[in-house]
Amino acid sequence: MPTYKVVIVGAGPAGYFTAQALQNSQTDDLSFQIDMIERLPTPWGLVRSGVAPDHPKIKTVSKVFEKIAKEPNFRLFANVEVGKDVSIKELREKYDAVVLSTGSAIGRKLGIPGEDLPNSLSAAQFVPWYNAHPDYTEVEVDLSGDTAVVIGAGNVAMDVARMLALDPTELDPTDTATHALVKLHQSNIRTVIICGRRGPEHASFTSPELRDLLKLEKTDVYFDLNEIEKAQVRVEAAGEVERELRNNLEAMRLIAEHEKKGVARKLVITFLATPLEMKGSGKIEEVVFGINQVEADDKITSTNKTFSVKCSLVISAIGYEVREFAGVPVENGRITNIGGKVEHNLYVVGWAKRGPNGVIGTNKSDAADVVDLLISELKEPKNTNGLSDLLKSNHEVIDQAGWEKINASEILSGEPHGKPRIKEVDWKALVSLGRA
Ligand code: NAP
């Protein structure tokens, strides 16, 4: 029976679902040896360093990842950096197929004046900062002012805004990074304003995340009822309204009508505002927005009117782009591909393939499609030792057993504090936990 060697680069959801699809495709006549490379000493990608700590249910998918990792044909090679410790070219020589599942980690830029002022951050920095990603512990986050602006009307903007608007005691029983929790406890931010550039009907929040806002106990959430009603009229007038959109607008209306608690913490969601400029002397102090309108044909146009918001912190949550690898073509922030194929024996899955969209589960069917294509293109299996031939003999790999040690240690540290875990943020300390 031929055994093909496949290497998956990146241990996030798309990578694990690729491994699972390969495992599920095995037959009496076809088997796979799956090696998964991860740059960090820890796997799980955005499930560890992206998902908001106050949404622990979403992270339970990690149980599926661990089940995949327990299969005898799976090996984890964490603490291995492609481009430094091993090249894509070498991987393609040693493996029958290479699958890139490296996500998109670079925050898109707005391209407006003042965007680079201190305390104007990208969600691509802020999210891994509060999630204890070892590369982002040093991000300078100043929470001394009272108002934060979040740009973008998607689920990442919503996560970021909630993290800023929640009472920090609500984050105590979560796995929020210790350094972030300390800062959030000292935070003076009391008003968080999410600004979408189009109308409520164009927002890319999903309705479960919207409905979750009704459960916030220590924060009042505001939508402008008039703005939501106008959007409902517009979509009804345009024809049949898709269920998801109807649910979204209904959730926004419910929140707008929901009785407020009169608490100091406020989360305000506004629409039809394009950021034009950020101002401040030495630090962000104000964002100037252009006011837009929705035309009858659903087009967004500028009214040429502006307004500005005084604030001390801006987080842009307007999407992501891939980090490039030498020799791998990139287009519009994604790895250039057709149906997941990049070049001979090189494939891509997840956000690196289709751009930063879809929830974790989206990656399951996406990876299965790419695996079908990969299998259809397999030739004679290669007879090599894969990564073992490529890494230096003294390279400190964190394998599955090493990761399980890190995992157990973090969970144990969290127990006395009623937390699911306390994440180690120091790279060297992580490696040494994996070695212990
Ligand atoms: P997203 O859903 O694509 O939202 C990006 C937002 O940024 C959109 O509102 C977009 O507006 C806006 N934007 C883009 N360029 C802009 C510009 N130049 N100026 C102003 N606004 C701009 O992306 P995301 O929030 O980063 O989320 C990525 C994916 O992860 C999504 O599929 C999301 O559902 C998923 N996610 C899911 C969860 C969850 O399930 N709990 C949590 C987090 C993320 P336009 O629409 O006008 O372009």
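Would you please name the residue that is farthest from residue 339 (Cα to Cα), looking only at residues in the stretch 355-390 that are among the hydrophobic types (A, V, I, L, M, F, W, C) and surrounded by fewer than 16 Cβ atoms within 10 Å (Cβ to Cβ)?
Just the residues of the stretch 355-390 that are among the hydrophobic types (A, V, I, L, M, F, W, C), to begin with: 359-360, 367-368, 370-371, 373-375, 378, 387, 390.
Checking the rest, the ones that are also surrounded by fewer than 16 Cβ atoms within 10 Å (Cβ to Cβ) come to 359, 373, 378.
Working: 359: 19, 373: 8, 378: 16 Å.
Within the stretch 355-390, the match that is farthest from residue 339 (Cα to Cα) is 359.
Looking at the structure I just gave you, is residue 316 touching a Lys or Arg at 6+ places or on another chain (Cβ under 9 Å), more than 30 Å from residue 19 (Cβ to Cβ) and either within 16 Å of the ligand (Cβ to nearest atom) or modelled with pLDDT of 95 or more (or both)?
Values: touching a Lys or Arg at 6+ places or on another chain (Cβ under 9 Å): yes; more than 30 Å from residue 19 (Cβ to Cβ): yes; either within 16 Å of the ligand (Cβ to nearest atom) or modelled with pLDDT of 95 or more (or both): yes.
Here the answer is yes, as residue 316 does meet what is asked.
Residue 37 satisfies every condition listed in (1) β-branched (Val, Ile, Thr); (2) without any contact (Cβ under 8 Å) to a residue 24 or more places away in the chain; (3) within 21 Å of residue 340 (Cβ to Cβ) except (2). Residues in the stretch 264-298 that are within 12 Å of the ligand (Cβ to nearest atom) and either small (Gly, Ala, Ser) or without any contact (Cβ under 8 Å) to a residue 24 or more places away in the chain (or both): 273, 290. For the stretch 352-387, a residue qualifies if it is farther than 15 Å from residue 8 by Cα, among the small types (Gly, Ala, Ser) and not in a loop (DSSP other than H, G, I, E, B), and the qualifying residues are 365, 376. A residue that is surrounded by 21 or more Cβ atoms within 10 Å (Cβ to Cβ), among the basic types (Lys, Arg), closer than 25 Å to residue 87 by Cα and in contact with a strand residue (DSSP E or B) (Cβ under 9 Å, 6 or more places away or on another chain) can be found somewhere in the stretch 331-353. Taking the stretch 258-329 and the strands (runs of 3 or more DSSP E) fully enclosed by it, the elements with 3 or more residues that are over 30 Å from residue 348 (Cβ atoms) are at 266-270, 273-279, 286-294, 300-310.
Quick one: in the stretch 184-210, of everything that is assigned to a loop (DSSP other than H, G, I, E, B) and away from the ligand (no atom under 11 Å from the Cβ), which residue is surrounded by the fewest Cβ atoms within 10 Å (Cβ to Cβ)? Within the stretch 184-210, the match that is surrounded by the fewest Cβ atoms within 10 Å (Cβ to Cβ) is 188. Looking only at the stretch 15-27, decide whether some residue is at pLDDT 95 or above, touching a Pro at 6+ places or on another chain (Cβ under 6 Å), within 19 Å of residue 131 (Cβ to Cβ) and not assigned by TED's automatic domain parsing to the domain that holds residue 129. So far as the stretch 15-27 goes, no, none of its residues is at pLDDT 95 or above, touching a Pro at 6+ places or on another chain (Cβ under 6 Å), within 19 Å of residue 131 (Cβ to Cβ) and not assigned by TED's automatic domain parsing to the domain that holds residue 129. Summed over the stretch 227-244, residues that are aliphatic (A, V, I, L, M) and either free of Cβ contacts under 8 Å to residues at least 12 places away in the same chain or surrounded by fewer than 18 Cβ atoms within 10 Å (Cβ to Cβ) (or both) total 4.
Got at least one residue in the stretch 349-368 being under 15 Å from residue 95 (Cβ atoms), away from the ligand (no atom under 16 Å from the Cβ), modelled with pLDDT of 95 or more and in the same structural domain as residue 32 (by TED's automatic domain parsing)? No, every residue in the stretch 349-368 fails to be under 15 Å from residue 95 (Cβ atoms), away from the ligand (no atom under 16 Å from the Cβ), modelled with pLDDT of 95 or more and in the same structural domain as residue 32 (by TED's automatic domain parsing). In the stretch 320-330, the residue that is farthest from the ligand (Cβ to nearest atom) out of those that are at pLDDT 95 or above and surrounded by fewer than 19 Cβ atoms within 10 Å (Cβ to Cβ) is 329. For residue 224, the conditions (1) without any contact (Cβ under 8 Å) to a residue 60 or more places away in the chain; (2) within 16 Å of the ligand (Cβ to nearest atom) all hold with the exception of (2).
The values are calculated or read from the model by the stated rules, or taken from the named source; none is laboratory data. Every value quoted in this text rests on a predicted model; they were computed, and no experiment measured them. All Cβ positions, even for glycine, are placed from backbone atoms using ideal geometry, and neighbour counts span all protein chains on display.
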